Every structure is written in C-alpha cells, then in structure tokens.
Amino acid sequence: SKRFKSLSIKARLILVLAFLCCQLLSGAFIGIGSLSLSNDAMRSMYADRLVPIAHLDEMLGLFDRNQVNIARSLTVDPATASKLMDEVEANAPKLTRIWDEYMQTKLTDEERGLAESFAEIRKTYLAEALKPTVAAVRAQDIPAATALAHDKMASMLQPVRSGLEQLIALQTRVA
C-alpha cells in the first residue's frame, strides 16, 4: 500500500489499465475457448443426431410411398401398375443407401441394438412381404397381390415403422 501511494497518478493509472487489459484478454481467451467447445458440441449434435433423424424420416416416407404405390397398383391398369412397381423397386437401393449413411454416424450402444433389430425386421419385410407382393402385381395376379398387401405387408410394415420410430425417438432423447 505504501509503495502504491508513492507512485505518481500517471503510474497508478497505467498499472490499473494494464491490470484491466490483462483481465479483458483472459476473459476473451476463455470466451473463445468456450465458443470452440460449444461449436464442437453443436457440430456433433447436427452430424450425429439431426442428420440421422432426417435419414430415418426419409426412410419412413419411402416405406409409406411403397405402401401407397402397391395399394394403387391393385386398382389401376397393368401399364400403370408396372410403373408403380418400377418406383417401388427403385426405392430399394435408395433405402439401402440412406440406411448405410445412417449406420456411418456415431451410434450409442442402445442405438446400435435398435438398428440391428430394425435391419433384421427390414430384411424379413423385404423378403416375405414386399418382394412377393411386387412379383404378384407384375404377374398381374391381383387376388394374390391383394392378399399379400392386406395380410403380410400390413402386418409386417408395423414393426418396420415401429423400429424407425424408436430410432427417431432415441435420436431426440439423446440429442
């Protein structure tokens, strides 16, 4: 305190301003560091949660579109039915591509378990419901296609939707 009093007013002001500048710089560095951590967290949330939700939602839309196309194909002329089945078949590689992109994201253990379960359900749905129904429509066997659409497809689509909805709910919860 005695030393401080012996300093001139000019020296005291310089000392106080230097101290305040040091505080200002340290606050700025802390702020920039925190901003960097926040940006990393937001980037991760976007890449690992928001993008996967969009992928899963797109898959739901394609499954629904397939269902609508098959239902429509049962009541239209064969040429239109064939075009509808072309679209259904074209959706298969799209669904696979979207699923593969989803599986490349950072998955939690719970999410990986749900994803593996969904993959099995989807595989069964494709083999036992979708492909036989498309084949029946292409063969113009409308009674068989109708039976498959109302029985196999209707009963097997619900677990597919449920699996995707569980993955979407998990994404929302984890985000």
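The values are calculated or read from the model by the stated rules, or taken from the named source; none is laboratory data. Keep in mind that this is a model prediction, so the values were computed, not measured. Positions of Cβ are generated from backbone atoms using ideal geometry, with glycine treated the same way; all protein chains shown enter the neighbour counts. In case anyone asks, the SASA skips ligands and DNA or RNA and just uses the protein heavy atoms, side chains included. Shrake-Rupley method; radii C 1.70, N 1.55, O 1.52, S 1.80 Å.
Yes or no: segment 80-91 includes at least one residue that is under 24 Å from residue 51 (Cβ atoms), of a type outside the set (Val, Ile, Thr) and modelled with pLDDT of 95 or more.
Scanning segment 80-91 turns up at least one residue that is under 24 Å from residue 51 (Cβ atoms), of a type outside the set (Val, Ile, Thr) and modelled with pLDDT of 95 or more.
Conditions (1) at pLDDT 95 or above; (2) closer than 20 Å to residue 54 by Cα; (3) aromatic (Phe, Trp, Tyr); (4) loosely packed, with under 13 Cβ neighbours inside 10 Å, marked per residue:
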{"residue": "97", "(1), (2), (3), (4)": "yes, yes, no, yes"}
{"residue": "118", "(1), (2), (3), (4)": "yes, yes, yes, no"}
{"residue": "125", "(1), (2), (3), (4)": "yes, no, yes, no"}
{"residue": "129", "(1), (2), (3), (4)": "yes, no, no, no"}
{"residue": "147", "(1), (2), (3), (4)": "yes, no, no, no"}
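Take residue 29 and decide whether it is assigned to a helix (DSSP H, G or I) and open to solvent by 40 Å² or more (accessible area, probe 1.4 Å).
It is true that residue 29 is assigned to a helix (DSSP H, G or I) and open to solvent by 40 Å² or more (accessible area, probe 1.4 Å).
Would you check which residues across segment 100-116 are among the acidic types (Asp, Glu), open to solvent by less than 80 Å² (accessible area, probe 1.4 Å) and touching a residue at least 60 places away in the same chain (Cβ under 8 Å) and list them?
111
Can you spot a residue in segment 57-75 that is in contact with a Leu (Cβ under 6 Å, 6 or more places away or on another chain) and among the small types (Gly, Ala, Ser)?
yes
Residue 109: within 17 Å of the chain's Cα centre (by Cα) and of a type in the set (Asp, Glu), yes or no?
yes
Is segment 30-48 home to any residue that is over 28 Å from residue 156 (Cβ atoms), of a type outside the set (Gly, Ala, Ser) and in contact with a Ser or Thr (Cβ under 8 Å, 6 or more places away or on another chain)?
Yes, some residue in segment 30-48 is over 28 Å from residue 156 (Cβ atoms), of a type outside the set (Gly, Ala, Ser) and in contact with a Ser or Thr (Cβ under 8 Å, 6 or more places away or on another chain).
Identify, please: which residue in segment 45-66 is touching a helix residue (DSSP H, G or I) at 6+ places or on another chain (Cβ under 6 Å) and open to solvent by 30 Å² or more (accessible area, probe 1.4 Å) and is, among those, farthest from residue 125 (Cα to Cα)?
53
Taking segment 155-173 as the search range and keeping residues that are of a type in the set (A, V, I, L, M) and farther than 19 Å from residue 126 by Cβ, which one is surrounded by the fewest Cβ atoms within 10 Å (Cβ to Cβ)?
The qualifying residue surrounded by the fewest Cβ atoms within 10 Å (Cβ to Cβ) is 169.
Which residue pairs have Cβ atoms closer than 8 Å, lie 6 or more positions apart in sequence or on different chains, and pair a first residue in segment 77-99 that is farther than 18 Å from residue 132 by Cα with a second residue that is open to solvent by less than 10 Å² (accessible area, probe 1.4 Å) and of a type in the set (Gly, Ala, Ser)?
As it stands, the answer is 80/73, since those pairs meet every condition given.
Identify all residues within segment 132-141 that are open to solvent by less than 60 Å² (accessible area, probe 1.4 Å) and in contact (Cβ under 8 Å) with a residue 40 or more places away in the chain; write none if there are none.
Correct list: 133, 134, 137.
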